[in-house]
Amino acid sequence: MADQQNPATAKDGLDRNPDKFLSRSVYDLISLKGRTIVITGGGRGLGLAFGFAVAEVGGNVAIIDLLDEPHHHFQKLETEFGVKVKLYKSDVTNHAGLQVTFDEIVKDFGRIDGLITAAGICPDEPFMKRAPESVARCMNINVLGTYYAAQLAAAQMAKQEPTDFNPRGGSIVLIASIAAHVASKGQTTSDYCASKGAVLSLAKALGVELAAFGIRVNSISPGYMLTDMTIDLCDRYPWLADIMTNEPPMRRIGDRTDLKVPVVYLLSDASAYHTSDDILITGGIHAGRLL
């Protein structure tokens, strides 16, 4: 009798079904419906914009921030998208406290399907004048805070039960920076650059190590992005506004809108075969500055 084995499940492990692309639409692939995404530093800035992006495609949002009060747009996030949104006050550098926060999130939401690590600071002071305590604070928040959050999220992702919307594992998106690739003109941010270089390398290493658990890890390196803090910075140092507007080849500063779809892509099934990578969204400045 001829071998009746399904060729799509052959012993060599090769999936021989070339027609899978017909079964899922782009809208289905990009959806985060039913999933819970944790966002550190989500009370304002880039992190808050990521919260809106997740909610707009149906995801539930658990925000971790040390702020006493989030940006006033947080109320809009809570009320306008028909998903579950909750804010947790916690310090990402305090591992024990952060563990309690992640336990609370799992109790409230039932699971964790994705993580975005947007908590970070960017000190600006000449290298020769940097105080050890200030350098340590930057490294603790940007590197250890990212590491701890990724570790706690991955531990939950690896052990939780599969669902129809997430059969296994999850996705972690670490927020790096153009500063991990090139020095910032007009600024002296040595420890920030070093910290974001560490985040970049961490994403690559974790993507390899956690692949066996079905957990993908990638990073995004934004260039200059317009936020309330950026506006305040440019008001105080007008030459930075000129640099951020005219240095990128695209001749504009980035808007948080430019990051919404990329972060959803990395969290969703649309990027199911994408891990250990960094996506640069810089207006081209990582490739060169206009003369």
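Local charge for E247 was computed over the other residues whose Cβ lies under 13 Å away, with Lys and Arg +1 and Asp and Glu -1, and equals +3. For region 178-291, the fraction of alpha-carbon pairs lying more than 26 Å apart is 25 percent, rounded to a whole number. Scanning the chain for chymotrypsin sites (Phe, Trp or Tyr not before Pro) in DSSP loops with at most 16 neighbouring Cβ atoms within 10 Å leaves 1-164 as the longest stretch between them.
Taking Cβ atoms as reference points and 12 Å as the exclusive limit, the residues near R256 contribute a net charge of -1, counting Lys and Arg as +1 and Asp and Glu as -1. Computed per residue of the chain from DSSP H runs no shorter than four, each worth -39500 (n - 2.57), the mean residue ellipticity at 222 nm is -11500 deg cm²/dmol. Normalised by 2.2 N^0.38 Å, where N counts its residues, the alpha-carbon radius of gyration of region 41-164 equals 1.14.
With the alpha-carbon atoms of region 52-103 aligned to their principal axes, the span from lowest to highest coordinate is 33, 21, 13 Å, starting with the largest. The mean sequence separation of alpha-carbon pairs under 8 Å and at least six residues apart, normalised by the residue count of region 39-138, gives a relative contact order of 29 percent.
Note on F213 and D124: their simple-model spin labels are 3.8 nm apart, each label 7 Å out from Cα toward Cβ.
Taken as entire DSSP H runs, the helices of the chain that both span 18 Å or more between Cα atoms along their own long axis and average -1.0 or more on the Kyte-Doolittle scale are 95-109, 145-159, 190-209.
Only the Cβ atoms of Lys and Arg (+1) and of Asp and Glu (-1) were treated as charged; on that basis the dipole of the chain about its Cα centre amounts to roughly 300 debye. Each residue of region 168-181 was assigned a 3J(HN,Hα) from its phi angle through the Karplus expression (A = 6.51, B = -1.76, C = 1.60, θ = phi - 60°), giving 6, x, x, 9, 10, 10, 8, 8, 8, 5, 4, 5, 6, 10 Hz with x at Gly and Pro. The phi torsions of region 28-33, fed into the Karplus equation with coefficients 6.51, -1.76 and 1.60 and a -60° offset, translate into couplings of 5, 5, 7, 5, 10, 4 Hz, rounded to whole numbers, with Gly and Pro shown as x. Annotation: amide H-H contacts under 5 Å for T163 (H modelled 1.01 Å from N, sequence separation of 5 or more, or interchain): R168. Per-residue 3J(HN,Hα) values for region 74-82, derived from phi via the Karplus relation 6.51 cos²θ - 1.76 cosθ + 1.60 with θ = phi - 60°, read 4, 4, 5, 4, 5, 10, 9, 10, x Hz in sequence order (x marks Gly and Pro). Remark on V85: its backbone amide H falls under 5 Å from those of V61, a criterion applied only to residues 5 or more positions apart or on other chains, H modelled at 1.01 Å from N. Counted by Cβ distance under 12 Å from C234, the other residues give a net charge of -3, where Lys and Arg count +1 and Asp and Glu count -1.
Relative contact order of the chain, taken over Cα pairs closer than 8 Å and 6 or more residues apart, is 18 percent.
Would you mind finding the longest exposed-site-free stretch of the chain, with exposed trypsin sites (Lys or Arg not before Pro) meaning DSSP loop and at most 10 other Cβ atoms within 10 Å? Between the exposed loop sites, the longest stretch runs 17-291. With the simple spin-label model, which puts each label point 7 Å out from Cα in the Cβ direction, the V26 to N94 separation comes to 4.5 nm. Of the residues A241, S195, G207, the one whose Cα sits farthest toward the positive end of the charge dipole of region 189-247, with +1 on the Cβ of Lys and Arg and -1 on the Cβ of Asp and Glu, is G207. On a per residue basis, the convex hull of the C-alpha atoms belonging to the chain measures out at 159 Å³. Remark on L226: its backbone amide H falls under 5 Å from those of G254, D255, R256, a criterion applied only to residues 5 or more positions apart or on other chains, H modelled at 1.01 Å from N.
Relative contact order of region 40-98: 35 percent, from C-alpha pairs under 8 Å at least 6 residues apart in sequence.
Any read-out appearing in this document is the output of simple, stated calculations on the displayed coordinates, not a laboratory observation. Owing to the predicted nature of the structure, the values given are computational and were not obtained by experimental measurement. Glycine also receives a Cβ, built like all others from the backbone with ideal geometry; neighbour counts cover every protein chain displayed.
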